[in-house]
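Below: the structure, in structure tokens.
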Amino acid sequence: GERLTPRQTKDAVEGFARSFGGPNARLVDYTAARDTDSTPPRHVFYIELTGADGAPIDEASRHLDAALVEHCHAHAFHIKGERQIGLPRVKLMRPGAFDRLAQHRLRQNPGASLNQLKTPRVLESPELLGVLEQHVLAQSE
């Protein structure tokens, strides 16, 4: 399967924020989940931006895919020829979505502090994905 380092992923999502959101866009936070029900399989990125005045949501997947290719040559290998991984799906989040996720995780982990509960970069918990899904502002196909 495809392997992106945390640094490559962060650089790609920050690149997406600039290319999609415009010059004033800033990345607040993000996470990704695997969509294995899709053919071919793909990643779903949950992204919270501020100051974005960017492109139509329909273009988000292509913007993120281009940023992933730019920052990770292995991703480019996976999309050449017969695509082994689908275009990523982008879900733009309402302001505060990741704060709400953090609060939910704090309730699950009494005694923990916010500093101990960093946002997971790959989210597999259906419960936590459900928390984020409640705060989706717009999404690409």
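For region 1-39, the tally of residues that are part of a loop (DSSP other than H, G, I, E, B), loosely packed, with under 14 Cβ neighbours inside 10 Å and out of contact with any Cys (no Cβ under 9 Å at 6 or more places or on another chain) stands at 6. Among the residues of region 28-61, those that are touching a Leu at 6+ places or on another chain (Cβ under 7 Å), within 18 Å of Q8 (Cα to Cα) and without any contact (Cβ under 8 Å) to a residue 60 or more places away in the chain comprise R42, F45, I47. Note on region 50-66: among residues that are open to solvent by less than 40 Å² (accessible area, probe 1.4 Å) and in contact with a Phe, Trp or Tyr (Cβ under 8 Å, 6 or more places away or on another chain), the one that is farthest from L123 (Cα to Cα) is A55.
Scanning region 88-115 for residues that are closer than 26 Å to F16 by Cα, among the charged types (D, E, K, R) and in contact with a helix residue (DSSP H, G or I) (Cβ under 8 Å, 6 or more places away or on another chain) yields R89, K91, R100.
Within region 73-98, being at pLDDT 90 or above and farther than 19 Å from K10 by Cβ holds for R94, P95, G96.
The values are calculated or read from the model by the stated rules, or taken from the named source; none is laboratory data. From a predicted model like this one, the values you see are computed outputs, not experimental measurements. All Cβ positions, glycine included, derive from the backbone under ideal geometry; neighbour counts span all protein chains shown. Accessible surface areas use protein heavy atoms only, side chains included; no ligands, DNA or RNA. Shrake-Rupley method; radii C 1.70, N 1.55, O 1.52, S 1.80 Å.
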